[in-house]
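Visitor: Sharing a structure with you now.
Derivation of every value follows stated rules applied to the coordinates shown; laboratory data play no part. Keep in mind that what you see is a predicted model, and the values were worked out from it rather than measured. Glycine also receives a Cβ, built like all others from the backbone with ideal geometry; neighbour counts cover every protein chain displayed.
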Amino acid sequence: MLAQLQFPLAAAAMLAAALAGSGFALFALAPSALAAEQVVYIQGGLALGGYDPVSYHTDGKPTRGQPEFETEWMGARWRFASAEHMTTFRSDPERYAPAYGGYCAYAVSQGSLQPGDPKIWRIVDDKLYLNLSPSTQSKWEADIPGSLARAEQKWPELTE
């Protein structure tokens with residue numbers, strides 16, 4: 001069962017540090033560049049469960065990040081397969097980070113926060129989207145424009 005913890009960024013960062021490596025899922029709220037709140041789903045202490053967000057775009061597949069290539073953004077730790085990917089992410093994190101903080105895009109379109117699986121993904125209009133399962137992704141892919149429109153409406157409510 002997933003729980004959502006809402007804390008100021010500093011408290012979330014301290015809790016994330018305390019739980020790092022513990023296997024607990026943490027949901028941290030942090031201000032985005034547009035002053036709205038954004039949820040980042042953390043798996044095993046890491047955003048995207050430790051997968052390199054740039055690799056989806058450059059390699060066409062998820063690649064595990066390495067501990068020596070790690071940065072923090074939006075109250076979460078992000079890992080990369082190379083220093084080059086880390087630099088690329090730092091230059092434009094909004095482009096490479098998954099939509100909806102890494103939550104399942106279909107679930108968000110239905111008004112729910114469910115974890116996105118970093119191995120069940122698709123890039124649409126240069127944005128990375130995750131889904132919970134192959135069957136959920138099939139539902140999402142049946143009407144991507146409609147799902148995205150609904151998700152954009154529901155996302156602000158889910159992050160309040």
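Visitor: Express the relative contact order of the stretch 103-160 as a whole percentage, based on alpha carbon pairs under 8 Å and six or more residues apart in sequence.
Guide: Relative contact order for the stretch 103-160 comes out at 43 percent.
Visitor: Here is a further query. Which far-off residues, 5 or more places away or on another chain, put their amide H under 5 Å from the one on Ser112, with H placed in the peptide plane?
Guide: none
Visitor: What dipole magnitude, in Debye to the nearest 20, does the stretch 48-112 give about its Cα centre under +1 on Lys/Arg Cβ and -1 on Asp/Glu Cβ?
Guide: Dipole magnitude for the stretch 48-112 comes out near 160 debye.
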